[in-house]
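S.K.: Shown below is the structure under consideration.
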Amino acid sequence: MIRDRRTWEAFEAEWQRRNPPDLEVHFRIFDRMLELARALHAWPPADPLEGLEVDLQLARAINADVRLPAE
């Protein structure tokens, strides 16, 4: 649990400055994961719309307007 929000935000900002994103690495990881999914016959899905209703319900629940307590 994060107790000191300012310290955490400072840590995150510093980490992001020291570790800029490397798109080449990210694309290589994505390509490998896609190869694995195809090898496992998990991609492309037989029916792309299968499970769409469940995904929409989950998205609605996650994105619900939630008010956090004031600090």
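The values are calculated or read from the model by the stated rules, or taken from the named source; none is laboratory data. This one's a predicted model, so the numbers in the text were calculated from it and none came from an experiment. Every residue, glycine among them, receives a Cβ derived from its backbone with ideal geometry; neighbour counts consider all protein chains shown.
S.K.: Suppose we filter segment 47-71 for residues that are polar (S, T, N, Q) and either at pLDDT below 90 or closer than 30 Å to R5 by Cβ (or both); how many remain?
M.R.: Number satisfying all stated conditions: 1.
S.K.: Anything in segment 51-69 that is within 18 Å of the chain's Cα centre (by Cα) and among the acidic types (D, E)? List them, or say none.
M.R.: D55 - this is the single residue of segment 51-69 that is within 18 Å of the chain's Cα centre (by Cα) and among the acidic types (D, E).
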